[in-house]
Amino acid sequence: MSDHTERLYHIFIESFLPLLKAGVAFTIPLTLVSFAIGLVIAFVTALVRISPVGPLRGIARFYVWIFRGTPLIVQLFIIFYGLPSIGLTLPPFTAGVIGFSLSVGAYGSEIIRAAILSISQGQWEAAYSIGMTKRQALRRIIVPQALRVSVPPLSNSFISLIKDTSLAASITVTEMFQKAQEITARYYEPMLLYCEVALIYLVFSTVLSHFQNRLEHYFDSKSAKKGSLL
């Protein structure tokens, strides 16, 4: 083994644990918290988008338009670097959570709204025929079916989010990519270290994809059993 190869090997081994720690301490929590909050925002926004109240629909539509039409990194910069100019300074992690949550909420709301609208009119009519109000039909019949339809695209959004959290490095959150940049500045081996962090992201995404497939299979089997009972 040449000296250079041995050096690369030692750098890889030495940097792996700090990168993994950054992923466990920052990347994964940032993803989980942002996605959980984003789902709540998405669900509320989707319901507002289909509500009969015009002004609320307009506000929800404007929110979705803004966050789907602008780059995520620009949104993060506005929240972290822009807000202090008007007297509102946020910690990096908090700014990241807000930015990612609002982005997830905007995209997720369209997924949930489309899923709700995809439920056939006959489901509504069946609910009304047994005396349910529109709210009861939505809560007991429509939303549960829509959520099952939403699982695959929302799962994909979650996997995308864990990769998008690398953008938090731009607002000084010490997640994996930020840690890789710090180590690269010390050893100046960008190819090795960026490939290493890409490998860790790939492992995270692969594990999540496995759970996504399990979740989809669970909902499919549940729907099949329900259909057989009918």
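The values are calculated or read from the model by the stated rules, or taken from the named source; none is laboratory data. Fair warning: this is a prediction, and the values are worked out from it, not measured in the lab. With ideal geometry, Cβ positions are generated from the backbone for all residues, glycine too; neighbour counts draw on all protein chains shown.
Some values worked out for this structure:
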{"read-out": "Residue, farthest from the chain's Cα centre (by Cα), within segment 116-144, restricted to residues that are more than 18 Å from Thr45 (Cα to Cα), among the polar types (S, T, N, Q) and in a helix (DSSP H, G or I)", "value": "Ser129"}
{"read-out": "Test result for Ala185, within 17 Å of the chain's Cα centre (by Cα) and aliphatic (A, V, I, L, M)", "value": "no"}
{"read-out": "Condition met for Phe43 (touching a residue at least 24 places away in the same chain (Cβ under 8 Å), more than 22 Å from Leu138 (Cα to Cα) and surrounded by 12 or more Cβ atoms within 10 Å (Cβ to Cβ))", "value": "no"}
{"read-out": "Residue in segment 134-144 that is out of contact with any Pro (no Cβ under 8 Å at 6 or more places or on another chain) and at positive phi present", "value": "no"}
{"read-out": "Selection within segment 1-22 - within 29 Å of the chain's Cα centre (by Cα) and either among the aliphatic types (A, V, I, L, M) or part of a loop (DSSP other than H, G, I, E, B) (or both)", "value": "Leu17, Leu19, Leu20, Ala22"}
{"read-out": "Ile183 crowded, with 18+ Cβ neighbours inside 10 Å and closer than 17 Å to Thr45 by Cβ", "value": "no"}
{"read-out": "Residue in segment 192-208 that is at pLDDT below 80 and in contact with a Phe, Trp or Tyr (Cβ under 7 Å, 6 or more places away or on another chain) present", "value": "no"}
{"read-out": "Given (1) touching a residue at least 24 places away in the same chain (Cβ under 8 Å); (2) under 20 Å from Tyr107 (Cβ atoms), index of the condition Gly58 fails", "value": "(1)"}
{"read-out": "Number of the exception - Glu110 against (1) of a type in the set (Asp, Glu); (2) touching a helix residue (DSSP H, G or I) at 6+ places or on another chain (Cβ under 9 Å); (3) surrounded by fewer than 13 Cβ atoms within 10 Å (Cβ to Cβ)", "value": "(3)"}
{"read-out": "Segment 39-89: number of residues that are more than 26 Å from Ser166 (Cβ to Cβ) and among the small types (Gly, Ala, Ser)", "value": "6"}
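Results for (1) in contact with a Gly (Cβ under 9 Å, 6 or more places away or on another chain); (2) of a type outside the set (A, V, I, L, M); (3) at negative phi, shown as yes or no for each residue.
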{"site": "Ser2", "(1), (2), (3)": "no, yes, yes"}
{"site": "Tyr9", "(1), (2), (3)": "no, yes, yes"}
{"site": "Leu20", "(1), (2), (3)": "no, no, yes"}
{"site": "Ile41", "(1), (2), (3)": "yes, no, yes"}
{"site": "Ile50", "(1), (2), (3)": "no, no, yes"}
{"site": "Phe62", "(1), (2), (3)": "no, yes, yes"}
{"site": "Pro91", "(1), (2), (3)": "no, yes, yes"}
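Here is a yes/no grid of residues against (1) within 30 Å of Ala22 (Cα to Cα); (2) surrounded by fewer than 19 Cβ atoms within 10 Å (Cβ to Cβ); (3) modelled with pLDDT under 90:
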position	(1), (2), (3)
Tyr63	no, yes, no
Gln75	yes, no, no
Ile98	yes, yes, no
Leu102	yes, no, no
Gln121	no, yes, yes
Thr133	no, yes, yes
Ile141	no, yes, yes
Arg148	no, yes, yes
Asn156	yes, yes, yes
